[in-house]
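Please read the structure below before turning to the comments.
The values are calculated or read from the model by the stated rules, or taken from the named source; none is laboratory data. Bear in mind the structure is a predicted one, so any value in this text is a computation, not a measurement. Cβ: placed from backbone, ideal geometry, glycine included. Neighbour counts: every protein chain shown. Surface areas here come from the heavy atoms of the whole protein model, side chains and all, with no ligands, DNA or RNA. Shrake-Rupley method; radii C 1.70, N 1.55, O 1.52, S 1.80 Å.
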Amino acid sequence: MNIGHEHFRRALQHTPFHDRIAALSATEDWTGWNGYKVARVVDKLSTEYFAVRSGCAVMDLTPMEKYRITGNGAREYLDRLVTRNISKLRPGRVTYVIWCNDEGKVIDDGTLFQLGEYDYRLCAQHHQLDWLLMSATGFDVHIETETHDVAALAVQGPTSCSVLTAAGFDKLDQLKPFGIVDLQCKGIPVTVSRTGFTGDLGYELWVKPEDALNLWDAVFDVRGLYDIHAMGLDALEMVRIEAGFIMPGFDFNTAESTIRNGHDRSPFEVGLGWVVNLDKGHFTGRKALLAENSRPARRRLTKIVIDGNKPVREAFLYDRKNGEQVGEVKCATWSPVLKANLALADIDCVNGKLPPKLWARLDYQRELKWHTAWAECHVQSKPFYNPEHRSATPPPRF
Amino acid sequence: MLLSANNYDVIVIGAGHNGLTNAAFLAKAGLHVLVVEKNSYTGGATASRELYDGWKYSNSSYVCSLFRPEIYNALDLGRHGLKVIPLTSSMTFKQDGDYFGSYHNPNVRRRELMRHSMRDADAAIRFDADIMRWCKLIRNFLLRTPPDPGSFRPRDAFEFAYLMKKFHELSESKIYEFIRFFTMSIAEYLENYFENETILAHYSGGSIIGTGLGVYSPGTAYVALHHAMGDVDGNIGAWGFARGGMGAVSGALASALQAHGGEIRTDAEVAKILVSGNRTTGVRLTSGEELSAKIVVSNLDAKRTFTQIMDESDLPPKLVERARNFKIRGSSGKLNIALDGMPTFSSLPKGSPLTLGHMHFTDTLTRLEKAYDDWKDDRWSTDPYCDVLIPSQYDPSLAPPGKHMMTVFVQYCPVAPEGGWSDDKRDQFGQTVIDQIADYSPDFKNLILHAEIRTPRELEAEIGLTEGNIFQGELTFDQLLFNRPFPGYAQYRGPVRNMYMCGSSTHPGGGVMGAPGANAAREILRDLKKPDTTPAAFSDD
């Protein structure tokens, strides 16, 4: 990545897709993501949301941190880094992983792509180069940031396979969830993975930055056949909560940036025990996690449905109306497909168990006047929304 | 013998910011307070003077961050005219024509780190979190009287327990790290995070300001924290300009003091603190005039207080010994420059915001250490570390429109070069600094209209800081917390009854915090059984 002296003139840089998104942006509603200017809403939030759930939504993922990990010791290194047993990962496959510090607290999560025998890409929520390099001591491995050298585009929604097929991606319908394939689209080499952060059918396309605009145009060229919308971060926030996906740094504090003791979280506390394989052999944080696993849980990031229709932003949770405070909402959305208030909440456990009853105190405004409402909450163990077509191979054709 | 008609409850010696803070809280409690000041102006090291027609210099201290917002609030300093404008960038020029800028915008700051080292950009997150954690811990103790760990009095036991409780709020591994931090050099500490030479040099600079230590000397890591623990409106680590110069800080304090009925006498230098029967009775001025008071508070540094304005025969011998050996080494110089226009810096693109903040010219740890080597040999650094600011870019009250005022803090400058200081040597020292800046700014020399050059000689002679040490004593662990200024005397009470200390020689030390003055006022009011007018610390959590 080549950064010139004049970079200060533009606090937020443009991604390789920026020109196209700017042309579609009716709202000019931009925000920063990893130093890039990205859309919160491109045109209309509900349109972008329903594009994911009913048609096809396209979102610029370029700012996501991407690390290339290569070398003879790459597998060994990654196995030591992440909590999950990745022995079944093969070239052409992706898996979800988290990694912890020595105290067994979550540093970040991400998707691990195996691109070749000794070649991996790790996509992360936060800046990880420092930790990845620190962890590389003693391993025959080469690590570099490729965030700014690879443009990434998410194409998500029930018609995404049909859209991409029409755009020129061949045999895409054979790609299984978490699979990776190298394809050509109108002469552009594109790496396609069947991955996403929406909980719907979807793909992520990885290209050289110089091919980004041509790729965008190839996808949007089929707009005459299918309804396609550029999507911003606000719609993504709605669908990722529906899918029950968590975001380190937003739903809980990441370990290495935590200042106050006890404000970081273990995988068990954020509901990610399922990606911790304590029996896989040694990995960073295992000793602490073994100890924690033998104790009753202290708290848990939990999916809850909040009764009623009052908008939820920040809210405290109680064990009964006007009772003891037992937790707090970390993120929430009204789900247009489920017609329900969905939230992820950090809840204190008693003897390792969540309280039997949960009530949320909701402060909300009506015509600038504040009101308070009490709403009962119901714990969910499964994703709030998980359609069958998400994992079908081949996906339904349109 | 002349005897003043006035009989004061309290006389505070020295109208620096801590003397004024102390006096203001005592006056607020209804005491009859007089501040005596040897100079014809108030402020001590927080003064702003017009030495060149139309330009106002902050002659000594030049930026404001550590001044406690609680004091600001409790003395209503905003209504007495104080405004602190945050400045949030800093930069280091490199010898190869490049530079490193720590920009105010976090995205730009990160990208600039990436421009120098991808890894360091990520390590900066860990560094910031760690420094913030130590800041949060330290800030708990700034507006509290240090406990005497050897005492069994309930209050000491309580304060010591508070200290340990805050300490134990860190996790086990962080406790170890904190102890390491306290004993490390800044260079070694930063090497735990950063690899880039320029970035290392940039973040090291603040740790040697005002100290007789080098970047590789143990203890300098803490000095970095001492400079980072302040904030401007919640921006931790940010420094700010007091509008009107640092004299605005002392001006607002003086105004608050007077609003509470306190008095200030300038051109009134104290020759002796009068003691009778192990109890202070007042002070004698150099004019021979004696002023009586129940309580005498010294805002002078501990060495000056006990070796110059008190009779050694009035003091415990061990204390005199401690005072003589108090580590208060002069190591800094200062230039204040009136400029005919805004200087340009060759390597900065036009419109770069980096001239708005701190500018430095030392781009390697080796150069920083060599600057220190010169000082150890009683020479001023031939390649000094300079902290340069041009506050007139923000503050219209400092220079005429289109003209500018530059403040240059210089590390290192010896207490006395071989053969002692002369005006000629002082000017040579100034020229060394001007030449360094001119290496990066071709039009700089031509813009100079006037320069005030201050070596430790001038700082001591004018402000009365022993050896010109800006902190009234080194900020090393042997002289911090319950060891500041000396073990057994950290609670602001002097060795004779009714005598107190309120200067930066006492906890929590220098840096224009006002905290020593407020803490001393609290102890005095406690001894007098008066209601406490000093503020409790704001809590972050």
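Of the residues in the range A:209-232, how many are surrounded by fewer than 18 Cβ atoms within 10 Å (Cβ to Cβ) and either under 17 Å from A:V38 (Cβ atoms) or within 22 Å of the chain's Cα centre (by Cα) (or both)? Qualifying residue count, the range A:209-232: 2.
When residues of the range A:119-153 are filtered for being small (G, A, S), away from every other protein chain (no Cβ under 14 Å) and either touching a helix residue (DSSP H, G or I) at 6+ places or on another chain (Cβ under 8 Å) or open to solvent by 10 Å² or more (accessible area, probe 1.4 Å) (or both), how many remain?
Of the residues in that region, 2 qualify.
Residues in the range B:503-541 that are surrounded by 15 or more Cβ atoms within 10 Å (Cβ to Cβ), among the polar types (S, T, N, Q) and in a loop (DSSP other than H, G, I, E, B): B:S504, B:S505, B:T506, B:T533, B:T534. Of the numbered criteria (1) more than 9 Å from every other protein chain (Cβ to nearest Cβ); (2) assigned to a helix (DSSP H, G or I); (3) open to solvent by less than 10 Å² (accessible area, probe 1.4 Å), the one B:Y72 fails is (3). Per the listing A:L213, A:L233, A:L225, A:L205, the residue uniquely in contact with a Pro (Cβ under 8 Å, 6 or more places away or on another chain), of a type in the set (A, V, I, L, M) and either in the same structural domain as A:A51 (by TED's automatic domain parsing) or over 14 Å from A:A152 (Cβ atoms) (or both) is A:L213.
Applying the criterion of being within 7 Å of another protein chain (Cβ to nearest Cβ) and touching a helix residue (DSSP H, G or I) at 6+ places or on another chain (Cβ under 7 Å) to the residues of the range B:122-151, the residue that is most open to solvent (accessible area, probe 1.4 Å) is B:I125. Filtered by the rule that a residue be crowded, with 21+ Cβ neighbours inside 10 Å, away from chain B (no Cβ under 14 Å) and within 14 Å of the chain's Cα centre (by Cα), the range A:247-271 gives a lone residue, A:F252.
In the condition set (1) farther than 21 Å from A:V52 by Cα; (2) at pLDDT 95 or above, A:K171 is compliant with all but (2). All of (1) of a type in the set (K, R); (2) touching a residue at least 12 places away in the same chain (Cβ under 8 Å); (3) in contact with a helix residue (DSSP H, G or I) (Cβ under 8 Å, 6 or more places away or on another chain) hold for B:R111 with one exception: (2). When we screen B:G261, B:G240, B:G230 for residues that are under 25 Å from B:P69 (Cα atoms) and buried (at least 23 other Cβ atoms within 10 Å of the Cβ), the only hit is B:G230.
The residue pairs whose first member lies in the range B:95-106 and is more than 9 Å from chain A (Cβ to nearest Cβ), whose second member is in a loop (DSSP other than H, G, I, E, B) and of a type in the set (V, I, T), and whose beta carbons are closer than 9 Å, counting only pairs six or more residues apart or on different chains, are B:Q95/B:T364; B:S102/B:T88; B:H104/B:T88. Once the range B:275-308 is narrowed to residues that are among the β-branched types (V, I, T) and open to solvent by less than 10 Å² (accessible area, probe 1.4 Å), the residue that is farthest from the chain's Cα centre (by Cα) is B:T280.
Taking A:R68 as meeting all but one of (1) away from chain B (no Cβ under 14 Å); (2) out of contact with any helix residue (DSSP H, G or I) (no Cβ under 6 Å at 6 or more places or on another chain); (3) under 30 Å from A:M231 (Cβ atoms), write down the number of the exception. Here A:R68 clears every test but (1). When A:N34 is tested against (1) open to solvent by 50 Å² or more (accessible area, probe 1.4 Å); (2) within 14 Å of chain B (Cβ to nearest Cβ); (3) out of contact with any Leu (no Cβ under 7 Å at 6 or more places or on another chain), just one condition goes unmet, and that condition is (1). Among the residues making up the range B:33-65, a single one is farther than 25 Å from B:E269 by Cβ, in contact with a Gly (Cβ under 6 Å, 6 or more places away or on another chain) and either surrounded by fewer than 23 Cβ atoms within 10 Å (Cβ to Cβ) or of a type in the set (S, T, N, Q) (or both): B:S65. Could you please find all residues in the range A:83-110 being β-branched (V, I, T) and either within 14 Å of chain B (Cβ to nearest Cβ) or more than 15 Å from A:T254 (Cβ to Cβ) (or both)? Scanning the range A:83-110 gives A:I86, A:V94, A:T95, A:I107.
Here the condition is being out of contact with any Asp or Glu (no Cβ under 8 Å at 6 or more places or on another chain) and closer than 30 Å to A:G4 by Cα; of B:E112, B:E50, it holds for B:E112 alone.
Filtered by the rule that a residue be in contact with a Phe, Trp or Tyr (Cβ under 9 Å, 6 or more places away or on another chain) and open to solvent by less than 40 Å² (accessible area, probe 1.4 Å), the range B:264-274 gives no residues.
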